[in-house]
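Bear in mind that the values in this text are calculations on the coordinates, not laboratory data. Treat the numbers as computed from the prediction; the structure is a model and nothing was measured. Reconstructed Cβ throughout: ideal geometry from the backbone, glycine too, with neighbour counts over all protein chains shown.
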Amino acid sequence: MKTLKRILTRYTKWLWSILAPLGIWGVFVVAAIDGSFLGLPMDAIVAGYVYQDRSKFLLYVILASAGSAVGSSVLYLVGYLGGETVLRRRMSSQRFEKIHRSFDQHKFWALMFPAMLPPPTPFKLFVLAAAVFEMNFGHFLLAIFAGRFVRFLILSLLTIRYGKGVVDLVAHVFRTHLHWTLGILGALILLAVLVRQLRRRNRDSRNN
């Protein structure tokens, strides 16, 4: 256990030594790399930036969200050029069809929802699915940005309130209460969709 902690400590110091010369743009670069192929501890990095300079927390959230959207474009290209084969290899046919139906019904929410969730959510599979199921590229970028923005904003506010240790707390809650977490987030998204539809109906009735 001590050896593992020593390795993690060295890895963290090495990572921050690379990010330091990049300034505020470091969080954008890391998010872009994480969004493509190489997974990085984004929550810990965003929390670290916010903890060091709380006055810029909203800027870090925006940069991390934008970087994630830009980096995910690489996987979108892979999916567009033939990602269905990769996708089918990584999931059962039942799950493939389930995700296909969700993208057919609500493409934006089908991608934004997974973008909000922390690991171990297989987010990159949903990114590939968005391309395979021909999601509009502009909507693709917006869905990832919006999902990541919600995730990093909540993380940043918790970091400001409780410190960097909140990353471990969030990970523990997500692992031990996965169904409750997904249920609450799903309910919030469903509520947002219903409110949006009601507002649209009210506007239509007024116009008529």
*Provide the three semi-axes, in whole Å and in decreasing order, of the ellipsoid equivalent to region 2-163 as defined by the square roots of 5 times the Cα gyration tensor eigenvalues.*
30, 17, 14
*Neighbour-count ranking [beta-carbon atoms within 10 angstrom, fewest first] of TYR51, TYR60*: TYR51, TYR60
_Signed unit charges on C-beta, dipole axis of region 2-163, positive-most listed residue PHE149, PRO118, HIS139_ = PRO118
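Arranged by the count of other C-beta atoms within 10 angstrom, fewest first, what order do PHE96, PHE133 take? Please list the in-between numbers first.
On the way: PHE96 17, PHE133 20.
Exposure proxy ranking, most exposed first: PHE96, PHE133.
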*Which ordering of TRP109, TRP25 is given by a fewest-first count of other beta-carbon atoms within 10 Å?*
TRP25, TRP109
*Roughly how compact is region 49-137, stated as its Cα Rg over 2.2 N^0.38 Å to two decimals?*
1.23
